[in-house]
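Working notes, beginning with the structure itself.
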Amino acid sequence: MSTEVTERRRVSAALPDFPWDTIAEVKARAAAHPGGLVDLSVGTPVDPVDPLIRAALSSVAEVPGYPTTHGMPELRAAAVAALTRRFGITGVPEAAVLPVIGTKELIAGLPRLLGLGPADLVVIPEVAYPTYEVGGLLAGTRILRADGLTRLGPETPALIYLNSPSNPTGKVLGVEHLRKVVAFARERGVIVASDECYLGLAWEEPAVSILDPRVCDGDHTGLLAVHSLSKTSNLASYRAGFVAGDPELVAELLEVRKHSGMMVPFPIQAAMAAALGDDAHESVQRQRYRARREILRSALLDAGFRIDHSAAGLYLWSTRGEPCRTTLEWLAERGILAAPGEFYGPAGAEHVRIALTATDERIETAAQRLRG
């Protein structure tokens, strides 16, 4: 095979540079601080996995057979019960729940799993988790950034990604906004995929699911809700998530994933079932994040930052009214690393995303440095 053909077939050529690779230099500068680095750039958990979850994982470690793609019945039942108990979501059949190998994998692959291609339009938020765009690029679709339906004009998209609470902004979409999206999608036969990974981390405003009866009137047709156990259960390393909603859409995803061998390992499924069945550990973790948020938010305001949205989630969407890379340098001088807002789209050019996911000691250290 010639080099020319090889280069033409490189899938990575259609993708942007991996965002985190672009801040290596500023990370090194922040790490050179005498007191060490405070890394608030990535929303990765730092607190331990609850013993109940670890026990469930190890209890089935000797099982040698293949797991099912659809997931063990106990896991799907636990997911349905947790959606009802935690978020008031009703009417989800256990068959309409599908475990996934981390929600990033699902989001990146969803357009291709749904059979979308160059003729199709995928709509993502104006300021968005980069993987929504990557999913469209991998499938070769057209992509439009839009926060309102009027931006679409007469065009009918194939897929709309929603994200509430938002990563990176922490913005929450209210019931009426979500109802309008659902009504629009129903009129035009559009699939709505709602990334709800931060739904359990609402601070200043209530957050609701696309599957909430107040939003969809109990009809899940065309709707998919994506949930992660990385956040309030600290299971990022487990790659544990699930999608639920329209039974026909979930069945289609299941069929394709069965052929692709996309199975969540059995011990992880057992751990997920335990995590979904227990609310105590989730409450403890939520309170940890609440306390860290209060400390960081106060320090950022004292340092002259403005915090926009950030009513929920694991981030403070912050600005000094200057290019985000300038703010990144300012923070690096104080040994703090954040994520530049331009990672998430052109509209984020003057913001930085500051994560709550650091130890209590590092959060206190960041607050002290911010206050000088």
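The values are calculated or read from the model by the stated rules, or taken from the named source; none is laboratory data. Worth saying up front: this structure is predicted, and the values here are computed from it rather than measured. A quick note on method: Cβ atoms are made from the backbone with ideal geometry, for glycine too, and the neighbour counts reach across all protein chains shown. These accessible areas exclude ligands, DNA and RNA; they are computed on the full protein's heavy atoms, side chains included. Shrake-Rupley method; radii C 1.70, N 1.55, O 1.52, S 1.80 Å.
Structure summary
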{"read-out": "The chain: C-alpha gyration tensor shape, a/c 1.5 cut-off, then a/b vs b/c", "value": "rounded"}
{"read-out": "Mean residue ellipticity (222 nm) of the chain, computed from DSSP H runs ≥ 4 via -39,500 (n - 2.57), nearest 500", "value": "-12000 deg cm²/dmol"}
{"read-out": "Rounded to the nearest 10 Å², the accessible area of TRP317 at probe 1.4 Å", "value": "10"}
{"read-out": "Size-normalised alpha-carbon gyration radius of the stretch 1-131, reference 2.2 N^0.38 Å", "value": "1.51"}
{"read-out": "Check: the chain dipole with +1 on Lys, Arg Cβ and -1 on Asp, Glu Cβ, in debye", "value": "360"}
{"read-out": "Mean separation of Cα contacts under 8 Å, 6 or more apart, over the residue count of the stretch 132-201: relative contact order %", "value": "35"}
{"read-out": "As computed over the stretch 152-198, the Cα convex hull volume per residue (Å³)", "value": "80"}
{"read-out": "Dipole of the chain, positive direction: furthest Cα of VAL243, PRO168, ALA303, with charges on the beta-carbon", "value": "ALA303"}
{"read-out": "VAL92 accessible area, 1.4 Å probe, all protein chains in place, Å² to nearest 10", "value": "20"}
{"read-out": "Rounded accessible area of MET263 (nearest 10 Å², 1.4 Å probe)", "value": "60"}
{"read-out": "Lys/Arg +1, Asp/Glu -1 at C-beta; the chain dipole; positive extreme among TYR66, ALA367, TYR344", "value": "ALA367"}
{"read-out": "Percent of C-alpha pairs per 10 Å bin, the stretch 234-372, short to long", "value": "10, 30, 25, 22, 12, 1"}
{"read-out": "Apportionment of accessible area to carbon and sulfur, the chain, percent (1.4 Å)", "value": "54"}
{"read-out": "Mean Cα-pair separation over length for the stretch 279-356, i.e. relative contact order, pairs under 8 Å, 6 or more apart, %", "value": "27"}
{"read-out": "Relative packing of 332-342, 24-34, which averages over residues the other C-beta atoms within 10 Å, highest first", "value": "332-342, 24-34"}
{"read-out": "Anisotropy class of the stretch 104-258 from Cα gyration tensor, a/c 1.5 cut", "value": "rounded"}
{"read-out": "Rounded to 5, percent antiparallel among DSSP beta bridges of the chain", "value": "55"}
{"read-out": "Mean accessible surface per residue for the chain, computed with a 1.4 Å probe while every protein chain stays in place, in Å²", "value": "42"}
{"read-out": "DSSP beta bridges in the stretch 161-296 [antiparallel fraction, %, rounded to 5]", "value": "40"}
{"read-out": "Residues whose placed amide H lies under 5 Å from that of SER194, excluding near-sequence neighbours", "value": "LEU162, LEU224, ALA225, VAL226"}
{"read-out": "The stretch 184-303: C-alpha gyration tensor shape, a/c 1.5 cut-off, then a/b vs b/c", "value": "oblate"}
{"read-out": "Among VAL181, VAL60, VAL100: highest mean-square fluctuation, GNM of the chain, C-alpha pairs under 10 Å", "value": "VAL60"}
{"read-out": "Whole-number percent relative contact order across the chain, with pairs defined as alpha carbons under 8 Å at least 6 apart", "value": "26"}
